[in-house]
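Taking it in order: structure first as C-alpha cells, then the write-up.
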Amino acid sequence: MKSRGVLVSRRQGLKAALAAGASTALGAFASVPAAQAQSRAETLRQVMGGTLNSLDATAPGSTREVFGLAMNVYDRLASFGRKQVNGYWIFDFDTIRGELAEKIDRSADGRTLTFHLRQGARWHDGTPVMAADVKWSLDRAVSAKSLSAAQLSTGSLVKPEQFRVVGDGVIEVSLERPDRLALANLCIPLAPMFNSTLAKKNATTEDPWAQSWLKENTAAGGAYMVESHKPGQQTILKRNDDWKNGVDGKLPFFRRIIAQTVPEAATRASLLEKGDADLSIDLQSSDIDPLVQRGKVKLVAIPQTNGFTAIVFNTRMAPFDNVKVRQAIAAALPYEDMFKAALFGRGRKLFGADWSEAPNDSFPQPLPLRTDLAKAKALLAEAGFANGFATSFAFAAGAAAAAEPAAALLKEALAKIGIEVSIQKMPDAQLATMEVERRLPFFLETGTAWLPAPDYFLRTYFNGDQRWNFSSFKDDELDRLVQAARFETDPAKYAAMCRQMITIVGRQDPALMLWQPNQDAVMAPNVDGFTYWFHRQVDYRDLRRS
C-alpha cells in the first residue's frame, strides 16, 4: 500500500499524474490515432500505482502488473474457469477448460496429458498456431533462465523430453508420476504460448530463447495486442478481433485498454470520481469508503482467497526457535483490534477459530488464534522467559499504511507480558534481503500462492530451505506429507493429509495467519464482470460496460 493521501481537485490530480510521467485522461485518449479511435464506451482506462516494466511475465524482475498483462496478451494451453461466490466473480481452481487447446485428454493413469489445438487459431501476425510452437514454448519454460522453470517444476514439468508433437495440432505431455498440479501449472502467466517462428527470428546465440527481445516486444496470439508500450508509464492494448480462444469463442467487450501508471493513490481516486478513469485495484483502504459513499463509483470487494498477511517468526533464531514463545505471543495479540486498525475490517479473518484438529482441508483457513493474556504469560514462563525479553519487529515501508497501526498494537500487547519490542520500518528491498539472509527475528509479511491447492500452499510457505518459507520452518512430519500429497490420487486420502498438515501449522505457530485483505476494485458504475484472479490483476477479457 502507498502512504495515506487526501482527495485532490481534478486540476491537482492531473498535474500530479503528469509530473509522474503519466498522460492525463485527455492526453491518453488523444494519443490514440484518430483513424483507430473507438467510442469512449468501448475503451477502458485502468489507473495503477505499479508499473508495467516488461512485456514478458517470465522475465526475472517483472512486476505483478506484467502478470495481468500477459494473461490478456498471451494464451495458455488451458485456463481456470470462474464462478460466482456471494454475488462476485472469482476464479474456479477446480474447473479447467481448454484455451489455446480445444480439447484436453488425460490418460487413465494420470501420467499423460494430450492437447488438441483449436482449428484455425492464429498468432497476432496472422500465421497459424502449430504444435511446434507449443513444443518450443514449453521447452523455453523449463529451459530458459526465467521465472517459469521453478514454478513449472511444482507440477513435475522439468525437461523438454516431456513434451512431444504427436500429430497435426496435437502435443503430448508426459509425467513420471501423476502430479495433481501439472495441468494447473499450464494455466498461469508463466506458461505462455509463443509464436516460435517470430521469437526465433529475434533470438541470438547468447540468447536462444529471445528473452531480451521479448521484454520489449510480443510474439503472442491472445485476446489483446500491444499497440504501444512506454515502460513505467502507459501501455495501450487493442482487441484482437480474430481471437477464438475465449469461452464459447466470444470476443472481449472492450476494443481498447489504456493501462496507466499514476503513482499517487489520491490522484487515482480523483480520476475515478471525475469519470476520467474506469478502474483501479490499488487504492488505499482509508479512501475507499468515502469515495464509494459519494456515489460516483462502485466497489467490488473480494477477499484474496489465495493470499495472506501473517506475523512470521524466524524459527531458526532464539527465542523464536522455542514453540512456547511463539505460542505465548500468539495468545497475547489483539487480533480484532489489529484487523480493524490495519484494514478497517476490509478482508477475511484468519484468526479466531476454535479447534485442536483442522476441521477441513482448505488453506488458508481461520486458525485457533485467540487473545488470552493469562495463557500467554503462563506459556512464556514455561519457555523460561517469565520476565520477558527484548526483540525487534519489522515491516516493509511499502506496507506501512496497514502495518504501522498493527505494529503499534502488537508492541502495546506484548509489553503486557514483559516482551519489549522495538519497531523497525524498513525499505522494501532491505527487508526482503534480511528475510532471505534469515536476519530478522519476527516480521510482517504477505504471500500469494499461484495455485491455491492446500498442499501447494503448505509446500511453498512452510517447507524446505527456500525463499518463500519465510519462517524457515522445519517439521519432519509436515515435510513427509507435503511431498506425498501432490502425487496422491485418492481424494479422501489427500484431504486427510492436508488436514494433518494444517493441524501441524496451527499447533506449531511458525507464522500467525492474520487475514486475507480484500481485492478492492473501484470502478465506474457501468463497468461489470470484474473477476478476482489468482494473480491479483485485472483480466480485461471478463469486463464489459453496461
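Things to note:
- Take the conditions (1) at pLDDT 95 or above; (2) over 25 Å from Asn518 (Cα atoms); (3) surrounded by fewer than 17 Cβ atoms within 10 Å (Cβ to Cβ); Gln119 misses just one of them, which is (1).
- Which numbered condition Ala399 fails, given (1) part of a helix (DSSP H, G or I); (2) modelled with pLDDT under 95; (3) open to solvent by less than 30 Å² (accessible area, probe 1.4 Å): (3)
- Of the set (1) modelled with pLDDT of 95 or more; (2) open to solvent by 60 Å² or more (accessible area, probe 1.4 Å), all apply to Val134 but (2).
- Within region 348-367, not a single residue is more than 26 Å from Asn306 (Cα to Cα), modelled with pLDDT of 95 or more, open to solvent by 30 Å² or more (accessible area, probe 1.4 Å) and assigned to a loop (DSSP other than H, G, I, E, B).
- Within region 511-545, the residues that satisfy the criterion of being farther than 23 Å from Leu186 by Cα and among the β-branched types (Val, Ile, Thr) are Val522, Val527.
- Qualifying positions in region 515-546 - more than 13 Å from the chain's Cα centre (by Cα), assigned to a strand (DSSP E or B) and not β-branched (Val, Ile, Thr): Trp515, Asp520, Ala521, Met523, Asp528, Arg544, Arg545
- Among the strands (runs of 3 or more DSSP E) confined to region 72-113, the ones with at least 2 residues that are polar (S, T, N, Q) are located at 78-85.
- For region 233-260, a residue qualifies if it is without any contact (Cβ under 8 Å) to a residue 40 or more places away in the chain, in a loop (DSSP other than H, G, I, E, B) and surrounded by fewer than 19 Cβ atoms within 10 Å (Cβ to Cβ), and the qualifying residues are Asp241, Lys250, Leu251.
- Residue count, region 404-421 (criterion: aliphatic (A, V, I, L, M) and surrounded by fewer than 17 Cβ atoms within 10 Å (Cβ to Cβ)): 2
- Residues of region 282-324 that turn out to be touching a helix residue (DSSP H, G or I) at 6+ places or on another chain (Cβ under 7 Å), farther than 22 Å from Gly50 by Cα and crowded, with 21+ Cβ neighbours inside 10 Å, as a count: 2
- Tallying residues that are part of a loop (DSSP other than H, G, I, E, B) and within 28 Å of the chain's Cα centre (by Cα) within region 307-343 yields 5.
The values are calculated or read from the model by the stated rules, or taken from the named source; none is laboratory data. These numbers come from a predicted model, not from an experiment. Cβ atoms come from the backbone with ideal geometry, glycine included; neighbour counts cover every protein chain shown. Accessible surface areas use protein heavy atoms only, side chains included; no ligands, DNA or RNA. Shrake-Rupley method; radii C 1.70, N 1.55, O 1.52, S 1.80 Å.
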